[in-house]
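Here's the structure, in structure tokens; my notes come after.
The values are calculated or read from the model by the stated rules, or taken from the named source; none is laboratory data. No experiment lies behind these values; they were computed from the predicted model shown. All Cβ positions, even for glycine, are placed from backbone atoms using ideal geometry, and neighbour counts span all protein chains on display. These area figures cover heavy atoms from the full protein model, side chains too; ligands, DNA and RNA do not enter into them. Shrake-Rupley method; radii C 1.70, N 1.55, O 1.52, S 1.80 Å.
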Amino acid sequence: MIQVGTAPYKKATFALALGSFLVFCNLYLFQPVLPVMAEQFSVSATKVNWLLAAGTFSLALTLVPWAIASESVGRYRIMLVSLFLLPIVGLLMLWADSLFLLSLARALMGMALAGFAAVAVAYMAEEFSTKALMLAVGTYISANSLGGIFGRLFGGITTEYWGWQVAVVGMATFSFIGACIVWWLLPKQQNFSPPKHGFSRAQFRAQHRFIVQHLRQRSLWLAMLIGGINFALFVNLYSVMGFRLVAPPYSMPLSITSMIFLCYLSGTITAKLSGRWSQSFTVTSGMLLGSSVSLAGMWVAAIESIPAMLIGLLLISSGAFFTHSLAYAWVSRKAKSAKATATALYLVHYYVGGSVGGFYLIACWQHGAWYGVVAGGMVLYMMLFTLCVWLRRYEKQTVDASQVSSLT
């Protein structure tokens with residue numbers, strides 16, 4: 001097993017973080033430009049959201065197939081194939097001349113991104129020691145936020161000055177270079193051996209049983225639902241804030257509104273801290289803390305003041321990434337078997353939540369401005385807190401039952 005502080009740990013952690021960075025750069029390249037694209041294609045904010053939702057939906061739908069494929073050919077190969085598909089699919093967007101075709105290309109991008117996202121944490125769970133896993137997952141999630149920041153800033157600033165096509169070419173070039181670096185640094189897997197004779201029907205049926213098993217394991221499914229609602233709030237509060245700032249009375253240019261994604265940096269820090277938290281406190285108490293911080297951020301952002309909005313976004317990022325890191329690591333650690341499938345199922349809930357949440361919160365924005373978003377967001381936060389409490393009670397019951405069993 002890869003241990004903390006060793007050379008393989010440093011290489012693997014950097015390579016996986018870079019891969020994560022590339023995935024999220026590509027996934028969120030178009031998020032800051034949604035207001036501009038709505039104007040370019042003469043569509044509503046809800047319709048233009050398909051440029052983001054198409055990628056997250058297709059990513060969610062193809063996570064499990066990629067995870068199942070990794071059981072046959074290995075995690076290492078799947079991650080590399082996924083990363084080298086990014087520049088190819090990215091350049092296909094240049095031929096899109098309508099919102100439908102561009103959304104379709106974004107859906108293909110989501111499919112390509114899903115390969116790396118589906119199996120990276122499973123690779124870590126199989127190759128890293130327990131202590132190294134929690135720290136590596138925190139670093140991996142931190143890279144998610146950095147990738148989200150860079151992709152959005154690059155997309156927003158480049159689109160304003162040179163157009164979205166230049167942004168696409170630049171990101172494709174960067175993705176190819178990054179994929180080569182990951183290929184060079186990432187150690188081949190040592191603790192997982194795919195079957196020699198490929199993936200049989202019996203193995204496919206076994207994977208289906210694993211999916212059912214994961215969903216029936218209540219602690220796993222509750223963590224998956226927590227991840228989905230948490231992401232639905234987080235990513236789409238940012239989308240709505242973008243529409244809020246480009247509209248009167250603020251009327252900010254796209255290059256300036258893209259800067260709000262620098263607030264993700266607070267999430268980069270808290271994602272890293274989540275690994276430390278889990279070593280000293282319970283994971284469920286951390287989820288409740290993260291959700292509370294995020295909720296406070298939404299209310300602070302309701303104040304009609306740019307500094308208050310920025311503080312609100314910092315709090316939203318801090319809480320959301322903290323909760324996500326803990327829930328994500330929880331699923332990879334608690335899964336009794338087929339860890340790649342388990343983490344893929346978590347991400348299915350995560351990205352479906354982000355996709356559906358976008359249409360929900362943007363509709364709240366169109367009908368009630370930011371206070372409509374706050375009202376709609378409160379419904380989701382109440383669901384989030386309820387799930388966290390259920391998970392905490394369920395785990396307490398499980399621990400109590402195991403203690404009684406050991407005594408008898």
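Among the residues of the stretch 69-83, is any over 15 Å from the mean Cα position of the chain (by Cα), in a helix (DSSP H, G or I), closer than 16 Å to F30 by Cα and charged (D, E, K, R)?
There is no residue in the stretch 69-83 that is over 15 Å from the mean Cα position of the chain (by Cα), in a helix (DSSP H, G or I), closer than 16 Å to F30 by Cα and charged (D, E, K, R).
Can V64 be described as over 26 Å from W184 (Cα atoms) and outside any helix (DSSP H, G or I)?
no
Looking at (1) surrounded by fewer than 23 Cβ atoms within 10 Å (Cβ to Cβ); (2) modelled with pLDDT of 90 or more, which is the one condition that is false for S337?
(2)
Which of the residues spanning the stretch 204-262 are surrounded by fewer than 22 Cβ atoms within 10 Å (Cβ to Cβ) and touching a Pro at 6+ places or on another chain (Cβ under 6 Å)?
Scanning the stretch 204-262 gives F243, V246.
Test V43 against the stated conditions and say whether it is of a type outside the set (S, T, Y), in contact (Cβ under 8 Å) with a residue 12 or more places away in the chain and surrounded by fewer than 23 Cβ atoms within 10 Å (Cβ to Cβ).
The answer is yes for V43.
Looking at the stretch 224-305, what helices (runs of 4 or more DSSP H) fall wholly within it and have at least 2 residues that are over 30 Å from A344 (Cα atoms)?
254-257, 283-300
Can you run down the residue pairs with Cβ atoms below 8 Å, 6 or more apart or on separate chains, where the first is in the stretch 173-189 and among the small types (G, A, S) and the partner is surrounded by fewer than 21 Cβ atoms within 10 Å (Cβ to Cβ)?
G178/L18; A179/L80; A179/F84
Mind listing just one residue for me: the one in the stretch 4-40 that is touching a Lys or Arg at 6+ places or on another chain (Cβ under 8 Å) and touching a residue at least 24 places away in the same chain (Cβ under 8 Å) and, of those, most open to solvent (accessible area, probe 1.4 Å)?
V4
Could you list, in sequence order, the residues of the stretch 24-56 that are in a helix (DSSP H, G or I) and of a type in the set (V, I, T)?
Matches in the stretch 24-56: V33, V36, T46, V48, T56.
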